[in-house]
Amino acid sequence: MALISLRDVVKEYPSSARNGVAVRAVDGVSLDIQAGDIYGMIGYSGAGKSTLVRLVNALEPATSGVIEVDGVNLVGLPERDLRPIRSGIGMIFQQFNLFNSRTVAGNVAYPLRVAKWEKAAREKRVAELLDFVGLADKAGNYPDQLSGGQKQRVGIARALATQPRILLADEATSALDPQTTSDVLALLQKVNRELGVTIIVITHEMDVIKSIATHVAVMESGRVVERGEVFDVFSNP
Ligand code: ADP
Ligand code: ADP
C-alpha cells in the first residue's frame, strides 16, 4: 500500500474580487507515493505544487477527492483527527521560517515544546538533531549569524524533531547558491537513507529533481501531465 495516495483530488479557491471566477489550483490529481521514495514535484510557478502539498499536510481542506496518508483519508476529517496526522509530517521552506529571536537550539526545540517534551529529553533530542545536521557548534547562535545553508539545516533539524515519517520540502533550495544547494540535497538524501523518511521535493528546478528524486510528477495548470521514475521521464535519447 502506498504511504500517500491521491485520487481525483481537486482544490478550488473561491472567486476573487478580481474576476469572480473560482481558481482550480489542483484539478483532478491522482498519484501514489511509496514509503522510502524521494518524490519530486516539478512545474512552473502557479502550477499548483504548493497547494497540493498543503492538502497532503492537511493545512487546507481539499474540495473533493481522496487523500490517504498511511491508509487514512484526510478529506472530511475533523480538525481534532488531523492534528496527529500533521505532526507525522515535517516541512521545510524556501525562506526557512526560523524564529529570529530564538537560538538555533531554541528553534529546533520549538516543536518539542509544543509537544510538551520534558526539558531533559528535549535537550538530548536537540543535541542529537544538531549533530545529525552538522551544526552541533552553532546551538547558541542566532539565525542572523548563519549562512543560508546553515539556516536550512536548522530548518531540517526542526522539521525532524518529532520524528515524522514524511518530510515536505517546498522550494527548500531555491534561495541557495549551487554549492550550498548540493550540500542541502546531500543532507536530505541522508535523512531519506538513514532515517527512512519519505521526502516530497517541490521545485521548479530540474537539476534538483535529477540529483535526488527517485520519482517525479510534472505539474501544469493544476494537473499532473507526466510522471514516473526520474530516469524514464528525463532521459534524453
Ligand atoms: P505553485 O506552487 O506551483 O507555484 P500554487 O499552488 O502556489 O502553485 O498556485 C496554484 C494556483 O492557485 C495559482 O493560480 C495561484 O494563484 C492559486 N492560489 C494559490 N493559493 C491561493 C489562495 N490561497 N487563494 C486563491 N488562489 C490561490
Ligand atoms: P528558549 O528561551 O525558548 O528556551 P533557548 O535557546 O534558551 O530558548 O533553548 C531552547 C531549548 O534548547 C531549551 O530546551 C534548551 O534547554 C535547549 N538548548 C539550549 N542550548 C542547547 C545546547 N547547546 N544543546 C542542546 N540543547 C540546548
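The values are calculated or read from the model by the stated rules, or taken from the named source; none is laboratory data. Bear in mind the structure is a predicted one, so any value in this text is a computation, not a measurement. In this analysis, Cβ positions are derived from the backbone assuming ideal geometry, glycine residues included, and neighbour counts consider all displayed protein chains. Each accessible area value is taken on the protein alone, full model and side chains, heavy atoms only, with ligands, DNA and RNA left out. Shrake-Rupley method; radii C 1.70, N 1.55, O 1.52, S 1.80 Å.
Numbers for the structure displayed
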read-out: Per residue solvent-accessible surface (Å²) - the range 128-206, probe of 1.4 Å; value: 41 Å²
read-out: Accessible solvent surface per residue of the range 30-75, calculated while the other protein chains remain in place, 1.4 angstrom probe, Å²; value: 38 Å²
read-out: Crossing angle, helix 119-132 versus the chain [Cα axis fit, 0-90 degrees, rounded to tens]; value: 70 degrees
read-out: Tilt relative to the chain, helix 148-160 - C-alpha long axis, 0 to 90 degrees, to 10; value: 80 degrees
read-out: If the convex hull is drawn through the Cα atoms of the chain, its volume per residue in Å³; value: 144 Å³
read-out: The chain: angle of helix 104-114 to the longest principal axis, Cα-based, in degrees nearest 10; value: 60 degrees
read-out: FRET E, pair MET206, SER147, Förster distance 22 Å, beta-carbon r, rounded to 0.05; value: 0.35
read-out: The chain - percent relative contact order, Cα under 8 Å, separation 6 or more; value: 28 percent
read-out: Accessible area of the range 30-92 belonging to carbon and sulfur atoms, whole % at 1.4 Å probe; value: 53 percent
read-out: Cα extents of the range 19-60 along the three principal axes, largest first (Å); value: 43, 22, 16
